[in-house]
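Worksheet: one structure, shown below.
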Amino acid sequence: MSPQSIRSAFSVPNLRRGTTNLLGRFRKQHPEAGSRPGTLVIPTGSEAPRLHAVEYSATEIAERDVEDVEALVAARRPGMKLWVDVQGLGDETVLRRIGSAFDLHPLLLEDVVNVPQAPKSEVYERHHFLVTRMYHLRAELEVAAEQVSIVLSRDAVITFQEHAGDVLDPVRRRLRDGLGPMRASGTDYLAYALLDTVVDHYFPVIEHLGERLEALEEDVMLHADDETMRRLLRVKGDLLGFRRALRPQRDSLQILLREGSPWVDERVLPYFRDTLDHASQAVEVVDTYRELVTGMMNTHLSVAANRTNEVMKVLTIMASIFIPLTFLAGIYGMNFDHMPELHQRWAYPGVLLIMAVSAVGMLVYFRRKGWLGSTRKPDRHRTARSTPPPAQAPGQAPEPPGSDDSTM
């Protein structure tokens, strides 16, 4: 690796490529300074809200898309619990109608649209408000993240998501199939199941990041070039974003378990404690990966420095060989009487051709040795699998995350 390649790897454009996505994830749109509490600032590019309602009891369940949230609340049947899933935050009028229909606190609704923010747990007069970060893998094996807000009351749960599509299908299947105690339990158990499913889906993402690190370990030793450094920066950015979500998630669960909540039954608290264990394990793994990335970056620099020293040694030897030849040619020149090429018509173009071939040959040799540029094509992930593995959290059965219910 040449000194130019090392400088290129740490140049401002390359460092920006490794950090731009990370900075974008945590860039918020705040209300103007001095705005009254409860001001809603809709995130730029947000989708129009789509509402889906699931009304259920121990013996029956009904699902439907919702256009009029007031009519939904007015038509509720006694004894039925309700889950309203809101996907998209792009219409302030719809969000305020939801807040009015369910008597949501203005500050709670402000936090729903204030994305992204750290996970937290807050108790209001009529609701318990939970914020979490949902991570999953897209089809192209890129890590996607969005904010999910969970509003818990005595007989209803409302979830707000930034975009359509999520990881909550296991919870929906359990509700439809009547598996476990979910339909017979209160809404606090549904809130636990939603949060637990989000946390459990951290593990496939963590495993994917681990596979990327395994692929990079070999490249750090064999291909210490600027592309390897860019990939290390991308992984480090993903891990940093992950860590900024996991630690507050763990802290918010600790606050919930320590202080309790009027909306969470004591019989459900052990389930939240199990979710806390999974979040703590994820934090430990991510911290280990961050230390590993730091060590790999240091190793990359050492390997690059050693390769540069080897290149400089070879070039120094070559220069040393030609120094006396150049010295002799400089003194005597080419002024010899018996030089047959001096009187040939092809001598001058022949010498130019030899010079050109020598220059091109040396460039090819340097490139094949890896001293000039990179002979590899950029490969962002180098994962061995084309689809994410069906990983589950430690201590769970091998069903999809969130599919294992136990009797309360």
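All of the numbers you see were taken from the coordinates with simple rules; none came from a lab. Not measured: the values here are computed from a predicted model. Glycine gets a Cβ as well: all are built from the backbone with ideal geometry, and neighbour counts include every protein chain shown.
For this structure, a couple of remarks:
- In plain terms, the chain from residue 65 to residue 326 could stretch by 85.5 nm, reckoned as 0.36 nm per residue minus the Cα-Cα distance.
- Interchain or long-range residues, amide H under 5 Å from residue 157's placed H: 82, 83, 84
- Take the Cβ atoms of residue 58 and residue 259, set R0 to 35 Å, and the FRET efficiency comes out at 0.70.
- In order along region 292-304, the phi-based Karplus estimate (6.51 cos²θ - 1.76 cosθ + 1.60, θ = phi - 60°) of 3J(HN,Hα) comes to 5, 5, 4, x, 5, 5, 5, 4, 4, 5, 5, 5, 4 Hz; Gly and Pro are listed as x.
- Within the shell defined by Cβ-Cβ distances under 14 Å, the residues around residue 247 carry a net charge of +3, with Lys and Arg each +1 and Asp and Glu each -1.
- If you sort the three axes of the alpha carbon gyration tensor as a ≥ b ≥ c, you get a/c of 1.5 or more for region 53-185 and a/b no higher than b/c, which makes it oblate.
- The HN-Hα couplings worked out from phi for region 152-160 by the Karplus form 6.51 cos²θ - 1.76 cosθ + 1.60 (θ = phi - 60°) are 10, 10, 5, 10, 8, 10, 10, 10, 10 Hz, whole numbers, x standing for Gly and Pro.
- Here the spin labels are modelled as points 7 Å beyond Cα on the Cα-Cβ line, and at residue 318 and residue 222 they lie 2.5 nm apart.
- Virtual paramagnetic centre 7 Å along Cα→Cβ of residue 124, amide N under 13 Å, in region 265-296: none
- Applying a DSSP loop filter and a limit of 14 other Cβ atoms within 10 Å to the GluC sites (Glu not before Pro) in region 261-310 leaves 266.
- Annotation: extensible slack from residue 365 through residue 142 equals 76.6 nm (criterion: 0.36 nm per residue apart, minus Cα-Cα distance).
- The phi-based Karplus calculation (6.51 cos²θ - 1.76 cosθ + 1.60; θ = phi - 60°) puts the 3J(HN,Hα) values of region 195-205 at 5, 5, 5, 4, 5, 4, 6, 5, 5, x, 5 Hz, whole numbers, x for Gly and Pro.
- Here is the list for region 67-164: trypsin sites (Lys or Arg not before Pro) lying in DSSP coil, each with at most 10 other C-beta atoms within 10 angstrom of its C-beta, are 138.
- FRET efficiency for the pair residue 357 and residue 291, taken as 1/(1 + (r/R0)^6) with r the Cβ-Cβ distance and R0 = 51 Å, rounds to 0.50.
- Efficiency of FRET from Cβ geometry, residue 306 and residue 343, R₀ 51 Å, rounded to 0.05: 0.50
- The H on the amide N of residue 50, modeled in the peptide plane, is under 5 Å from the matching H of 87, 88, each at least 5 residues off or on a different chain.
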